[in-house]
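The values are calculated or read from the model by the stated rules, or taken from the named source; none is laboratory data. In this text the structure is predicted, and so the values were computed from the model without any measurement. FYI the Cβ positions are ideal-geometry reconstructions off the backbone, even for glycines, and counts take in every protein chain you see.
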Amino acid sequence: MNAEAKKAANGNDKLGNGKLGNGTERGGAGRNRPHTPIYLDYQATTPTDPRVVEAMLPYFTEKFGNPHSRNHPFGWEAEEAVEKAREQVAAIIGADPREIVFTSGATESNNLAIKGVMRFHKDRKNHMITLVTEHKCVLDSARHLEMEGVEVTYLPVQQNGLVDMTVLAAAITPKTALISIMAANNEIGVIQPLAEIGKLCRTKGVYFHTDAAQAVGKIPLDVEAMHIDLMSISGHKIYGPKGMGALYVRRKPRVRLEALIHGGGQERGMRSGTLPTPLCVGLGEACAIAMKEMPAEAERLKALRERLYEGITRRLPEVFLNGDHENRLPGNLNLSFAYVEGEGLMMGIKDLSVSSGSACTSASLEPSYVLRALGVEEELAHTSIRFGLGRFTTEEEIDYAIEQVVEAVSRLRELSPLWEMAQEGIDIKSIKWAEH
Amino acid sequence: MNPPVYMDYNATAPVFPAAAAAMGEALKIAGNPSSVHRYGRGARKAMEDARERLAAAIGAQLPAIVFTSGATEANNLALLGTGRSRILVSAIEHDSVRGVSPTAELVPVQRSGVVDLAALERMLGADRRPALVSLMLANNETGVVQPVAEAAEIAHRYGALLHCDAVQALGRIALDVSALGADLVSLSAHKIGGPAGIGALYVKDHVTLKPLLAGGGQERGRRAGTENLSGIVGFAAAAEIAVARQPDEAERLRALRDALEARIQAERPDAVLFGIESPRLANTSCVALPGIAAERQVIALDLAGVAVSAGAACSSGKVRASAVLGAMGAPADLAASAIRVSLGWQSRAEDIDRFMAAWAGLRKPSLAA
């Protein structure tokens with residue numbers, strides 16, 4: 001984070017209902033500790049960067065025109081702002097601005113890409129391939145298409161969460177129109193081999209869609225080099241506003257798709273509805289900031305992530321990393337803690353705002369389908385924690401988080417007869433429990 | 001030159017300062033409303049408070065409100081989500097209603113701009129497949145208010161659902177969605193002084209909706225996607241203001257609009273005002289100046305710093321005669337010379353003077369010169 005952003009973040013003392021980093025207060029034991037709860041859920045959503053908010057505000061009141069009003073300067077001013085934002089979004093993924101379709105968010109982008117392409121092409125090619133670990137809105141879109149007669153192959157992933165390229169290549173048939181594979185997973189942060197997938201798709205004449213909601217602004221992406229045909233982008237995962245996203249749709253060779261929302265014919269007919277100028281500006285600004293700060297920020301987050309990982313695993317045995325270590329978002333750590341109970345663990349670390357799965361499913365007690373797909377045992381899937389680090393995460397927060405996790409897990413294990421047995425060398429899996 | 005005058009409120013409206021301030025605060029809320037930790041609960045609380053305030057402002061029950069990315073999405077969701085095999089839409093509906101189903105049947109309107117209820121009843125009686133009727137509450141081009149309650153009564157008699165696009169009516173006439181008779185009602189924030197990018201569909205509890213956007217199960221499974229929190233907060237704030245001010249504001253704008261129309265008729269007796277025999281929004285005037293293309297009028301007004309439109313904003317890039325006026329039986333050349341003047345919360349009497357100064361002098365292009 002550069003000095004400007006730090007200043008902006010510091011000056012903004014009320015980010016929601018808790019401070020997000022940078023401030024410290026006196027703890028009970030007289031040591032410095034950060035404000036709690038500490039926000040470590042940056043894959044669920046990110047606070048809007050104050051610089052983004054600043055950029056948006058004038059477009060609510062002073063520059064309020066409808067960007068589609070072609071007859072007066074109020075409209076032109078709004079249109080200019082929207083087009084600048086479109087350039088900023090295009091720049092961060094190496095696209096042409098004319099390839100960017102603004103949407104209400106990544107869920108809509110994913111729905112539009114998947115349903116739109118398959119509905120347009122299904123008379124000739126009615127097969128698509130995706131992964132079992134995709135975001136729920138990709139899987140749900142695919143299920144809706146199945147009801148419309150589209151054939152969907154849901155490929156498993158390897159134990160590290162990555163797609164097996166041989167398996168993927170073998171799944172392609174002459175009827176395959178689309179492969180939808182996410183850039184980075186929202187729960188375990190693993191980064192799929194996009195360039196390899198893109199190359200395979202291009203050779204086989206299959207469209208490649210990637211849900212890059214978690215990846216844009218976090219890792220370098222280039223739609224040309226990676227041969228990506230469609231890419232979903234989210235505003236609120238990159239310090240922009242909620243309710244805003246984009247879909248990259250390749251022009252050459254042109255990707256044809258059927259619109260999901262019909263009406264005034266905005267966004268070249270692919271997405272009708274008045275464009276929300278302030279939200280477009282916010283997404284554009286968020287992309288511009290991320291593009292500028294990505295290299296340094298990725299290094300910083302990776303160091304913090306490793307500090308967290310090592311800080312926990314150095315002091316706690318039987319902690320497992322979910323998902324590949326190398327091919328991973330800098331700000332993601334997903335750990336399972338053996339011999340503790342999931343709900344107890346969440347209660348024990350309630351000073352940390354973390355998640356046990358994706359935000360959409362976080363109210364449910366089902367173990368994560370992503371972790372199950374990796375072959376993680378149900379018990380361990382129940383005790384997994386996703387730590388999401390981001391722009392406003394500080395070293396003090398990470399050190400505090402380490403203390404909290406180590407304390408809570410140690411305490412829970414002390415109370416656990418299973419842990420005691422394991423310490424005595426009893427293999428718990430070999431025990432035959434009496435039925436009651 | 002004087003600052004430009006904005007008279008295109010039916011396209012979009014400036015955001016109320018209080019709504020903008022509320023959004024500025026909401027943008028600072030860190031947290032996804034679906035997350036269970038404290039940040040998430042804070043976001044959810046802000047969202048549910050806003051839902052409650054919006055519901056109160058429009059007379060709805062809480063679970064009936066589904067937030068969408070705007071009225072276009074709300075209209076699409078209503079028409080496609082109910083899964084009715086037959087869709088009837090009035091001939092003056094917005095493109096986001098008319099353009100949704102290629103097989104939609106058009107219910108004609110009368111010369112007054114009011115839908116032909118007898119025709120609606122005949123059409124419903126002629127084909128007994130389960131239908132959905134879509135009728136807007138107030139037209140975006142003429143402001144003519146439609147008999148939605150009567151249409152709903154007819155629709156229900158034939159087992160049809162009634163959807164009402166109330167985008168232009170909210171904050172401009174008294175609106176109680178529960179009393180409207182409609183099963184589904186679309187609303188938009190940015191026409192009333194709220195932000196663009198947020199709308200809502202009011203859904204009566206007996207209506208089951210198939211979502212347009214599949215995914216995380218937000219909005220009780222009716223609309224997936226992380227909610228536009230700042231937009232929702234801004235929408236609620238704007239709706240409260242607009243609804244509270246509505247009676248006085250309608251009176252104020254009616255006086256301005258009527259003064260404008262009186263001067264139009266005095267200065268240019270050849271001008272044609274549309275929909276004036278019908279109940280009409282107080283802020284809207286649709287006026288044709290025969291022989292002078294709407295585009296020319298709009299450009300001349302723009303040069304004088306007055307912003308109006310030659311039809312709906314979304315189609316204003318295209319030069320074509322209004323389908324709404326055509327449906328009212330206006331000849332194509334007359335419709336092609338019609339502009340829309342729409343007023344709102346920042347409109348002042350001076351704006352009318354500015355408009356008249358630029359518009360009254362417009363003359364037909366003279367071939368003799």
Within region B:4-21, restricting attention to residues that are farther than 30 Å from residue B:356 by Cβ and buried (at least 24 other Cβ atoms within 10 Å of the Cβ), which residue is nearest to the chain's Cα centre (by Cα)? B:19
Failed condition for residue A:98, given (1) at pLDDT below 95; (2) under 30 Å from residue A:252 (Cβ atoms); (3) surrounded by fewer than 23 Cβ atoms within 10 Å (Cβ to Cβ), with all others met? (1)
Among the residues of region A:100-123, write down those that are closer than 20 Å to residue A:234 by Cα and charged (D, E, K, R). A:108, A:115
Some residue of region A:62-69 being within 14 Å of another protein chain (Cβ to nearest Cβ) and small (Gly, Ala, Ser): yes
Got a number for residues in region A:89-110 being of a type in the set (Gly, Ala, Ser), more than 9 Å from chain B (Cβ to nearest Cβ), at negative phi and in a loop (DSSP other than H, G, I, E, B)? 1
Counted residues, region B:173-227 - those being closer than 19 Å to residue A:279 by Cα, more than 7 Å from chain A (Cβ to nearest Cβ) and assigned to a loop (DSSP other than H, G, I, E, B): 5
Exactly one of B:143, B:194, B:181 is on the phi > 0 side of the Ramachandran plot and buried (at least 24 other Cβ atoms within 10 Å of the Cβ), and that residue is B:143
Every pair of residues 6+ apart whose Cβ atoms lie under 9 Å, when the first sits in region A:370-399 and is closer than 15 Å to residue A:188 by Cβ while the second is among the basic types (Lys, Arg): A:381/A:372; A:387/A:305; A:389/A:305
Among B:38, B:122, which is the only one that is out of contact with any helix residue (DSSP H, G or I) (no Cβ under 7 Å at 6 or more places or on another chain) and facing another protein chain (nearest Cβ under 9 Å)? B:38
Check whether at least one residue in region A:299-310 is surrounded by fewer than 17 Cβ atoms within 10 Å (Cβ to Cβ) and in a loop (DSSP other than H, G, I, E, B), and report yes or no. no
Every pair of residues 6+ apart whose Cβ atoms lie under 7 Å, when the first sits in region B:353-369 and is under 26 Å from residue B:5 (Cα atoms) and assigned to a loop (DSSP other than H, G, I, E, B) while the second is at pLDDT 70 or above and of a type in the set (S, T, N, Q): B:362/B:297
Counting only residues that are outside any helix (DSSP H, G or I) and in contact (Cβ under 8 Å) with a residue 24 or more places away in the chain, how many does region B:233-292 have? 20
Of the residues that make up region A:315-338, is at least one more than 14 Å from every other protein chain (Cβ to nearest Cβ), on the phi < 0 side of the Ramachandran plot, in a helix (DSSP H, G or I) and without any contact (Cβ under 8 Å) to a residue 60 or more places away in the chain? no
Check on residue A:152, within 22 Å of residue B:69 (Cα to Cα), in a strand (DSSP E or B) and in the same structural domain as residue A:275 (by TED's automatic domain parsing): no
Considering only strands (runs of 3 or more DSSP E) fully contained in region A:199-256, which possess at least 3 residues that are closer than 27 Å to residue A:333 by Cβ? A:230-234
Those residues that are basic (Lys, Arg) and buried (at least 21 other Cβ atoms within 10 Å of the Cβ), I need them from region B:97-133; list them, please. none
Based on what the data block shows, is residue B:55 crowded, with 23+ Cβ neighbours inside 10 Å, more than 9 Å from every other protein chain (Cβ to nearest Cβ) and either in contact with a helix residue (DSSP H, G or I) (Cβ under 6 Å, 6 or more places away or on another chain) or modelled with pLDDT of 95 or more (or both)? no
For the structure I just gave you, tell me whether residue B:283 is within 21 Å of the chain's Cα centre (by Cα) and more than 10 Å from chain A (Cβ to nearest Cβ). yes
Of the conditions (1) in contact with a strand residue (DSSP E or B) (Cβ under 7 Å, 6 or more places away or on another chain); (2) touching a residue at least 60 places away in the same chain (Cβ under 8 Å), residue B:53 clears all except one; give me its number. (1)
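Here are some residues: A:306, A:258, A:310, A:297. Which one is in contact (Cβ under 8 Å) with a residue 12 or more places away in the chain and more than 30 Å from residue B:76 (Cα to Cα)?
Of the residues listed, the single one that is in contact (Cβ under 8 Å) with a residue 12 or more places away in the chain and more than 30 Å from residue B:76 (Cα to Cα) is A:297.
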If we keep just the residues of region A:131-174 that are surrounded by 22 or more Cβ atoms within 10 Å (Cβ to Cβ), among the β-branched types (Val, Ile, Thr) and closer than 26 Å to residue A:321 by Cβ, which is nearest to the other protein chains (Cβ to nearest Cβ)? A:138
Please go through region A:356-394 and give me each residue that is at pLDDT below 90, touching a strand residue (DSSP E or B) at 6+ places or on another chain (Cβ under 9 Å), within 13 Å of chain B (Cβ to nearest Cβ) and assigned to a loop (DSSP other than H, G, I, E, B), ordered by number. A:356, A:357, A:358, A:362
The listed residue being within 14 Å of chain B (Cβ to nearest Cβ), out of contact with any helix residue (DSSP H, G or I) (no Cβ under 6 Å at 6 or more places or on another chain), crowded, with 23+ Cβ neighbours inside 10 Å and of a type in the set (Gly, Ala, Ser), out of A:78, A:85, A:113: A:113
Considering only region A:32-72, state which residues are over 30 Å from residue B:302 (Cβ atoms), crowded, with 24+ Cβ neighbours inside 10 Å and of a type in the set (Ser, Thr, Tyr). A:39, A:42, A:45, A:46, A:48
Which of the residues spanning region A:269-283 are in a loop (DSSP other than H, G, I, E, B), more than 7 Å from chain B (Cβ to nearest Cβ) and of a type outside the set (A, V, I, L, M, F, W, C)? A:271
In the set B:14, B:4, which member is more than 21 Å from residue A:41 (Cβ to Cβ), out of contact with any Ser or Thr (no Cβ under 7 Å at 6 or more places or on another chain) and within 7 Å of chain A (Cβ to nearest Cβ)? B:4
Where in region B:10-114 are there helices (runs of 4 or more DSSP H), lying fully within it, with 3 or more residues that are among the hydrophobic types (A, V, I, L, M, F, W, C) and either closer than 20 Å to residue B:133 by Cβ or not assigned by TED's automatic domain parsing to the domain that holds residue B:309 (or both)? B:17-26, B:38-58, B:71-81
